[in-house]
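Engineer: After the structure tokens below, expect a handful of questions from me.
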């Protein structure tokens with residue numbers, strides 16, 4: 001079982017060591033990672049706020065992209081912050097649950113394609129909706145990321161946002177996760193938090209699922225309000 005989650009624009013600073021491209025999961029993406037990083041580094045700092053969609057408050061974050069190879073690294077699950085990651089609260093998980101996250105959670109990335117939770121990555125600023133000069137991220141990543149996901153042979157629970165699904169769809173038979181209220185209204189802020197909380201519940205219980213039916217059985221036994229939708233999707237009621 002793999003749980004695919006989106007990254008976050010906000011990130012924790014700090015870390016140790018430097019990026020080791022050979023140590024990252026999904027080695028089939030290594031060449032495309034080099035290409036994306038080179039394209040990002042080529043963006044002049046004076047143009048970076050406009051290219052990356054930064055405002056006055058966070059314009060300095062463009063400088064992160066100048067130290068991709070030399071800046072300190074953290075596990076991806078600790079590097080990303082924000083609402084979904086607040087819901088997961090990985091720092092407070094017991095060791096067994098953290099090991100589950102490291103083994104089952106895969107994070108989408110505009111810069112790295114996809115990474116495993118434990119992969120150590122530097123600070124960077126690049127979103128899935130960005131178009132870099134000479135590089136369209138959707139075209140760059142779509143087929144390679146889709147092949148990397150499918151190559152795991154694992155059943156996939158896809159909790160990514162649409163922008164990151166576009167960078168590499170999960171294979172047929174995967175389940176896309178929706179979050180809605182009891183009366184069917186879609187959510188934004190609480191959508192993300194609820195996804196993080198669901199991943200936490202999976203980790204704490206050590207859940208294993210090879211199909212949507214398996215996950216629905218786990219949810220019923222765990223009191224998680226998860227429902228089927230259509231032939232493959234799932235709805236989490238909050």
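Engineer: Only one residue in 84, 68, 88 is within 25 Å of residue 167 (Cβ to Cβ), surrounded by 13 or more Cβ atoms within 10 Å (Cβ to Cβ) and more than 15 Å from the chain's Cα centre (by Cα). Which one?
Structural biologist: Within the list 84, 68, 88, the selection yields 68.
Engineer: Every residue in the range 14-38 that is assigned to a helix (DSSP H, G or I) and touching a residue at least 12 places away in the same chain (Cβ under 8 Å), please.
Structural biologist: 21, 23, 28, 29, 32, 33, 34, 35, 36, 37
Engineer: Yes or no: the range 39-58 includes at least one residue that is modelled with pLDDT of 90 or more, under 19 Å from residue 102 (Cβ atoms), assigned to a loop (DSSP other than H, G, I, E, B) and in contact with a helix residue (DSSP H, G or I) (Cβ under 9 Å, 6 or more places away or on another chain).
Structural biologist: Looking through the range 39-58, none of the residues is modelled with pLDDT of 90 or more, under 19 Å from residue 102 (Cβ atoms), assigned to a loop (DSSP other than H, G, I, E, B) and in contact with a helix residue (DSSP H, G or I) (Cβ under 9 Å, 6 or more places away or on another chain).
Engineer: Next question. Tell me whether the range 127-137 contains one or more residues that are farther than 19 Å from residue 53 by Cβ, more than 12 Å from the chain's Cα centre (by Cα) and surrounded by 17 or more Cβ atoms within 10 Å (Cβ to Cβ).
Structural biologist: The answer is no; no qualifying residue exists.
The values are calculated or read from the model by the stated rules, or taken from the named source; none is laboratory data. As the structure is a computational prediction, the values presented were derived from the model and not from experiment. For neighbour counting, all protein chains shown are included, and Cβ atoms are generated from backbone atoms with ideal geometry for every residue, glycine included.
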